[in-house]
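What follows draws every value from the coordinates through simple rules; no lab data is involved. Everything numeric here is computed off the predicted structure, so don't read it as measured data. Glycine gets a Cβ as well: all are built from the backbone with ideal geometry, and neighbour counts include every protein chain shown.
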Amino acid sequence: MTRYSPSRSYIVASVAAAVLGVSCTWFAVRWQPAILAVGLFIATAAVLLYLALRPVIEIEEESLVIGRRRISWNDIERVDRTGWISPLIAHLTLSGGQRLLLVYPGDLDSANSLLRHLRRFAKNALIDGIPHNQFWGEEVIGTGEEEKSQSPPSGMLSKEDEEEVERLYQRLKTVGHLDSANPTDEK
């Protein structure tokens, strides 16, 4: 079992934003435009407090536990990552079409580890729209792939270029250099 707890830095940042918001109210009494700063600091404190109070996420062999909610790995149909990594925000689609927004406010390494665990254990799920086996490169090679791998690789050079390379190689082999200048000039 692996536990992912919210980072303590969100509580510290929330308290700091709240203190700044309260201290800005003193300025807002004297200067009206400072009320905007008060609102922004208080909103930031609220968002950071929300992130700090997110439930612990546990990865178990048979299920994903978010707070008191237990979700079987077989019930997860999709794991879709958003652009947010820290805090990690991912969409889980459960059986029955129910969608769950997973928010994990941890450090970057923990967030990447949690995302890797989600992708690895949800064996029946599509990972960002790709089947689990194909996402992890576990696809079984079919007969079409075997035929493709037995055919010669496609050339990187055109037929004319290959002939030119072969002609230059033969000339290098016989003469010892490719210069068109007189070899006696070099001595």
key: Simple spin-label estimate for Y50 and Q170 in nanometres, 7 Å along Cα-Cβ   = 7.5
query = Given a cut-off of under 8 Å on Cα pairs at least six residues apart, what relative contact order in percent is computed for the range 69-135?
reply = 34
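Taking only C-alpha pairs under 8 Å that are 6+ residues apart, what is the relative contact order of the chain in percent?
The value is 16 percent.
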note = In whole Hz, the Karplus estimates of ³J(HN,Hα) for the range 156-170 (6.51, -1.76, 1.60; θ = phi - 60°; x where Gly or Pro) are 8, 10, 6, 4, 5, 5, 4, 5, 5, 5, 5, 5, 5, 5, 4
query = How high is the FRET efficiency between W84 and L40 when r is their beta carbon distance and R₀ equals 22 Å, given to the nearest 0.05?
reply = 0.60
ask   = In debye, nearest 20: dipole of the chain around its Cα centre with unit charges on the Cβ of K, R (+) and D, E (-)?
value = 1600
note = With R₀ set to 22 angstrom, the calculated FRET efficiency between the beta-carbons of K123 and S9, to the nearest 0.05, is 0.05
Residue of E163, E58, E77 that the Gaussian network model of the chain assigns the largest fluctuation, springs spanning Cα pairs under 10 Å = E163
remark   = Residue separation between A16 and T2 times 0.36 nm, minus their alpha-carbon distance, gives in nm 2.0 nm
note = Given (1) 93, 52, 27; (2) 60, 36, 32; (3) 59, 45, 32 as possible values of Cα extents along the principal axes in Å, the one from the coordinates is (1)
Net length gained if the chain between I130 and R116 were fully extended (0.36 nm per residue, minus Cα distance) = 3.6 nm
task = Quickly estimate the mean residue ellipticity at 222 nm for the chain, helices only: each DSSP H run with n ≥ 4 gives -39500 (n - 2.57), and the total goes over all residues, rounded to 500.
result = -14500 deg cm²/dmol
task = Could you tell me which chymotrypsin sites (Phe, Trp or Tyr not before Pro) in the range 29-79 are loop residues by DSSP with no more than 11 other beta carbons within 10 angstrom of their beta carbon?
result = W31
note = Within the under-12-Å Cβ sphere about I71, not counting I71, Lys/Arg +1 and Asp/Glu -1 give a net charge of -2
